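**Q** This structure is in structure tokens; I'll ask about it shortly.
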RNA sequence: GGCCCCUUGGUCAAGUGGUUAAGACACCUCCCUUUCACGGAGGUAACACGGGUUCGAAUCCCGUAGGGGUCACCA
């Protein structure tokens, strides 16, 4: 069966031996910052694709721009990939047979190949200075042309080169862009995409400082690391022809490319790091007490959809059902609202102890609890979390949800004031406080019984019974299960609040 | 501006020539619960526009409009 160009073969014959073409994909972060949701999604789809195909998932660190690398960037990237639940087969930390996995350690490798390109005439040294190029660009712009390098160093003679070098000029190396050529590839998500070489301009593959540029390093590495599919963000699509021309110049078979849409913000633009409408770093979600499995689930459903109607999946299920053909072609907006809902779905299902773990740091930070709790306090905190668990969307929410339990006095909302102005309220509260006084243990079931007693003695029931009590005790008309909330509040605080109202 | 890509409810989205155009979030209503919440049942709401092709188009083709991406010795 013939295979479409650029499709790559699933299997091919070498010397009569059937070699299976293993799926090898990579996530290639540049350690310039923390793990971003957009990058996390790219990593996630690569991971899912690899695991679904029983292939390899590789992480390569793209640190060719020394100026932009930040301390701890690499560790942070790996840490949060792991936190989200991913694991990998080859990388800087676990090694692998195609290393090194840090581009800054592969300079000698790049050298081999740019020398090859220099020799076969696909690349040349360029002695232009930054100022010269800038001037050229300005001229072109003034003339209304699309700025691109003119290629003036392309045909330098050996003498001219020697002269420029004797002036102390450091060369960069540029790719010779073939004229009148169309680069076409079959994109896994977009279908057939093509670019004309016209107007591209001979681009730099090696900077003056000797380090490779992104498009060059990526090509060499992807090939040498036997990457079978390059699944990356849409913003890389216009880099593809540059990379294709390197593959071609070196006589290599390119991988299959797939360009996934970007995640956009509320104004439908690519997320910028400065965007404040959306929390952008995975680290921040961890800090806020989100669940990694929920985030994993949510991000996977951004730009990809399963066949059925179910939306909640575990990592294992996603691996099972992942199909790159179902990647969306149009950009997705990050809907915080839905993430919140989804995280709550997971929150309701996990063990109380885990919710407690997610909540404690926030209670401590808010000054509600101290770090070292007595056995009794620990128990109380656990009950509190357990009571609020089903309402929590993420850990940090515990602070506002538990507000009423930490205030000496209730703060009354408008609705609550209205409830408390009811005619029958005083008698209900009075009766209730008398019932509470009698209680030995002050446990939820006793409290519930006390309410029952109040109902009998006052004749008030339903809303007329519960709302005044809730409002008096919490200052609100909404909240968690009343008897339990009252138990947690504690006898003295509850009585004090009620007595204050009935004078 | 050049090049490339995209366009189904407010949002995420299913849909691959014939459907009453799924489902989820959000919103609204009702039911359940002696309160609240949970849960359950309903509801409002979409194929950007204009031409073709076809017996038939959200689906195919061509335009138009809108949006986005990218144009570095950044990745």
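**Q** Taking the stated definitions as given, is residue A:376 modelled with pLDDT of 95 or more and either assigned to a loop (DSSP other than H, G, I, E, B) or out of contact with any strand residue (DSSP E or B) (no Cβ under 9 Å at 6 or more places or on another chain) (or both)?
**A** No, not satisfied.
**Q** Mind telling me which of the residues A:101, A:113, A:80 ends up being in contact with a helix residue (DSSP H, G or I) (Cβ under 8 Å, 6 or more places away or on another chain), within 27 Å of residue A:208 (Cα to Cα) and modelled with pLDDT of 95 or more?
**A** So the residue among A:101, A:113, A:80 that is in contact with a helix residue (DSSP H, G or I) (Cβ under 8 Å, 6 or more places away or on another chain), within 27 Å of residue A:208 (Cα to Cα) and modelled with pLDDT of 95 or more is A:113.
**Q** Can I ask one more? Scan the range A:306-331 residue by residue and report those that are exposed (fewer than 14 other Cβ atoms within 10 Å of the Cβ) and assigned to a helix (DSSP H, G or I).
**A** A:316, A:317, A:320, A:325, A:326
**Q** Let me ask something additional. Evaluate the following for residue A:138: is it surrounded by 11 or more Cβ atoms within 10 Å (Cβ to Cβ), more than 23 Å from residue A:66 (Cα to Cα) and near RNA strand B (Cβ under 9 Å from one of its atoms)?
**A** For residue A:138, the condition - surrounded by 11 or more Cβ atoms within 10 Å (Cβ to Cβ), more than 23 Å from residue A:66 (Cα to Cα) and near RNA strand B (Cβ under 9 Å from one of its atoms) - is not met.
**Q** Considering only the range A:266-300, how many residues are more than 28 Å from residue A:366 (Cβ to Cβ), modelled with pLDDT of 95 or more and not in a helix (DSSP H, G or I)?
**A** Residues that pass the stated criteria total 0.
**Q** Taking the condition touching a residue at least 60 places away in the same chain (Cβ under 8 Å), outside any helix (DSSP H, G or I) and either away from RNA strand B (no atom under 15 Å from the Cβ) or crowded, with 18+ Cβ neighbours inside 10 Å (or both), does residue A:210 pass?
**A** No: the conditions fail for residue A:210.
**Q** Looking at the range A:168-196 only, could you name the residues that are in contact with a helix residue (DSSP H, G or I) (Cβ under 7 Å, 6 or more places away or on another chain), farther than 13 Å from residue A:246 by Cβ and more than 9 Å from RNA strand B (Cβ to nearest atom)?
**A** Listed by number, the residues that qualify are A:185, A:188.
**Q** Output the residues belonging to the range A:242-256 that are within 16 Å of RNA strand B (Cβ to nearest atom) and either at pLDDT below 95 or touching a helix residue (DSSP H, G or I) at 6+ places or on another chain (Cβ under 6 Å) (or both).
**A** Within the range A:242-256, A:242, A:243, A:246 qualify.
**Q** Let me ask something else. Quick check: is even one residue across the range A:153-172 touching a residue at least 24 places away in the same chain (Cβ under 8 Å), within 40 Å of the chain's Cα centre (by Cα) and assigned to a strand (DSSP E or B)?
**A** yes
**Q** Which of (1) in contact with a strand residue (DSSP E or B) (Cβ under 8 Å, 6 or more places away or on another chain); (2) modelled with pLDDT under 95; (3) surrounded by fewer than 17 Cβ atoms within 10 Å (Cβ to Cβ) is the odd one out, the single condition residue A:303 does not satisfy?
**A** With respect to (1) in contact with a strand residue (DSSP E or B) (Cβ under 8 Å, 6 or more places away or on another chain); (2) modelled with pLDDT under 95; (3) surrounded by fewer than 17 Cβ atoms within 10 Å (Cβ to Cβ), residue A:303 is out only on (3).
**Q** To continue, here is another question. Might you let me know whether the range A:6-28 holds any residue that is surrounded by fewer than 23 Cβ atoms within 10 Å (Cβ to Cβ), at pLDDT below 95 and within 16 Å of RNA strand B (Cβ to nearest atom)?
**A** Checked against the condition, which is being surrounded by fewer than 23 Cβ atoms within 10 Å (Cβ to Cβ), at pLDDT below 95 and within 16 Å of RNA strand B (Cβ to nearest atom), the range A:6-28 yields at least one hit.
**Q** So, in the range A:451-500, of the ones that are touching a helix residue (DSSP H, G or I) at 6+ places or on another chain (Cβ under 7 Å) and not in a helix (DSSP H, G or I), which residue ends up farthest from RNA strand B (Cβ to nearest atom)?
**A** Selected residue: A:475.
**Q** Suppose we filter the range A:214-241 for residues that are part of a helix (DSSP H, G or I) and more than 8 Å from RNA strand B (Cβ to nearest atom); how many remain?
**A** Qualifying residue count for the region: 9.
The values are calculated or read from the model by the stated rules, or taken from the named source; none is laboratory data. Since we're looking at a predicted model, the values are computed, not measured. Positions of Cβ are backbone-derived with ideal geometry, glycine not excepted, and every protein chain shown enters the neighbour counts.
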